[in-house]
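Asker: Have a look at the structure that comes next, please.
What follows is calculated from the coordinates using simple rules that are stated; it is not laboratory data. A quick note: this is a predicted structure, and the numbers were derived from the prediction, not measured. Cβ sites come from the backbone with ideal geometry, for glycine too, and all protein chains shown count toward neighbours.
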């Protein structure tokens with residue numbers, strides 16, 4: 001009989017809880033610079049998420065899919081994802097050579113140092129300490145995940161520099177017209193589709209991004225206006241340096257494998 005009373009009381013307590021009323025509680029003092037932005041990446045054949053014997057294996061993960069550990073399940077790269085670009089930047093992360101080092105860069109440069117030795121024209125330079133820096137474009141985006149907007153950063157380097165330039169071209173060519181004429185709106189006025197396509201050279205196969213224009217946001221609609229304002233605030237945070245990529249430190253993946 002005592003057990004029945006406990007069950008009734010527990011059920012009544014659960015029924016009276018209002019989760020929405022507690023929204024945000026406990027996280028009031030978390031500032032934007034206390035939070036890192038998850039990286040959204042392309043999965044490759046050597047990605048631990050695709051290796052069934054790896055402790056980092058993800059069910060259903062296949063090369064060409066898009067994945068962030070913060071988002072859960074990998075996303076179909078052939079279908080693509082919808083992204084709003086809040087901010088773009090070009091940096092020169094500093095990497096250690098292959099070895100026992102983690103996959104995260106050991107530093108970041110705004111431009112190649114004057115003492116750096118060029119190894120790949122305009123793309124890769126060797127530093128005096130033996131490390132190297134490589135041109136990388138960062139896209140801080142709002143990604144639609146299961147219909148909900150989520151923040152992420154997409155890094156493009158190596159063979160993805162060409163798709164990165166394509167995405168930058170799409171952003172630069174955005175135009176809208178108002179009573180004063182035509183002008184270039186904010187990058188986050190538009191929704192882009194980001195797919196992945198396979199490339200190959202001999203027996204090597206890998207995937208790169210394929211960006212395309214989807215649509216302009218209609219800020220007269222509540223959902224689009226909310227997404228626009230979310231991206232607007234994200235852009236402000238990134239430009240002030242309070243949002244940085246959350247690199248995954250995994251021994252299995254070396255810097256040369258991050259594309």
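Asker: Hey, if you drop one equal point scatterer on each alpha-carbon of the range 37-257 and run the Debye formula without solvent, what base-10 log of I(q)/I(0) do you get at q = 0.11, 0.18 Å⁻¹?
Answerer: -0.58, -1.45
Asker: Say each of residue 52 and residue 212 gets a label point 7 Å from the Cα, pointing the same way as Cα to Cβ; how far apart are those two points in nm?
Answerer: My value for the distance between the label points is 3.3 nm.
Asker: For residue 76 and residue 174 in one chain, what is 0.36 nm times their gap in residues minus the Cα-Cα distance, to one decimal in nm? Numbers along the way, then the final one.
Answerer: Values: separation 98, 0.36 × 98 = 35.28 nm, distance 2.66 nm.
Net length gain for the segment: 32.6 nm.
Asker: How much length, in nm to one decimal, is gained on full extension between residue 166 and residue 90, taken as 0.36 nm per residue of separation minus their Cα-Cα distance? Mind dumping the intermediate values first?
Answerer: Working: separation 76, 0.36 × 76 = 27.36 nm, distance 1.42 nm.
Taking 0.36 nm per residue and subtracting the Cα distance, the gain is 25.9 nm.
Asker: Also: Can you give the FRET efficiency for residue 121 and residue 193, using 1/(1 + (r/R0)^6), R0 = 30 Å, r = Cβ-Cβ distance, to the nearest 0.05? Show your work: numbers first, answer last.
Answerer: Numbers: r = 31 Å, r/R0 = 1.04.
Efficiency for this residue pair is about 0.45.
Asker: In terms of the ratio Rg/(2.2 N^0.38 Å) built on C-alpha atoms, what value belongs to the range 132-241? Spell out each step's value before the answer.
Answerer: On the way: Rg = 15.9 Å, N = 110, 2.2 N^0.38 = 13.1 Å.
In units of the 2.2 N^0.38 Å rule of thumb, it is 1.21.
Asker: Taking the Cβ of each residue in 123, 142, 154 as the centre, tally the other Cβ atoms inside 10 Å and list the residues starting with the fewest.
Answerer: With the fewest neighbours first, 123, 142, 154 line up as 123, 142, 154.
Asker: Taking the beta-carbon count within 10 Å as an exposure proxy, list 146, 203 from fewest neighbours to most. Could the numbers behind the result be given before it?
Answerer: On the way: 146 9, 203 5.
Lowest to highest Cβ neighbour count: 203, 146.
Asker: Treat each spin label as a single point 7 Å out from the Cα along the C-beta direction, and report the residue 223 to residue 59 distance in nm.
Answerer: Distance between label points: 2.8 nm.
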